[in-house]
Amino acid sequence: MNFVNAFQKIGLTVAAVLFSCATLFYSVNPAQADNPTVINATGKIMMDQNTIVKDGKFYWHILVWDTETGKSKMYIFYLEEKSFNPTSYQLPSTPIY
């Protein structure tokens with residue numbers, strides 16, 4: 001008889017945990033992502049960054065461009081020096097055409 005009572009208690013415990021999990025999953029709303037692309041109405045300036053580690057040093061390459069004219073400027077950020085500097089290499093004003 002004790003075996004049956006223990007089995008019932010375990011069964012009720014498992015059922016309660018499953019019911020709790022199901023209730024939690026049912027109550028969580030799906031993620032609603034906002035539109036991540038925001039274009040500046042004055043000049044439409046865009047920016048992109050790329051992070052690399054080379055020879056144990058951490059660098060950021062940052063490209064800033066005007067979507068109307070195609071002109072761009074690339075910067076590099078050195079973490080140790082904490083400074084932004086224009087790179088020695090730049091894209092042409094119309095890199096795709």
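All of the numbers you see were taken from the coordinates with simple rules; none came from a lab. Owing to the predicted nature of the structure, the values given are computational and were not obtained by experimental measurement. Note that we place each Cβ from the backbone using ideal geometry, even for glycine, and neighbour counts take in every protein chain shown.
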Name the pairs: first residue in the range 68-83 and under 19 Å from Asp55 (Cα atoms) and touching a residue at least 12 places away in the same chain (Cβ under 8 Å), second residue in a strand (DSSP E or B) and among the polar types (S, T, N, Q), Cβ to Cβ under 6 Å, at least 6 apart or on different chains?
Ile76/Asn85
Looking only at the range 54-76, filter to residues that are aromatic (Phe, Trp, Tyr) and closer than 23 Å to Lys44 by Cα; which one of those is surrounded by the most Cβ atoms within 10 Å (Cβ to Cβ)?
Trp65
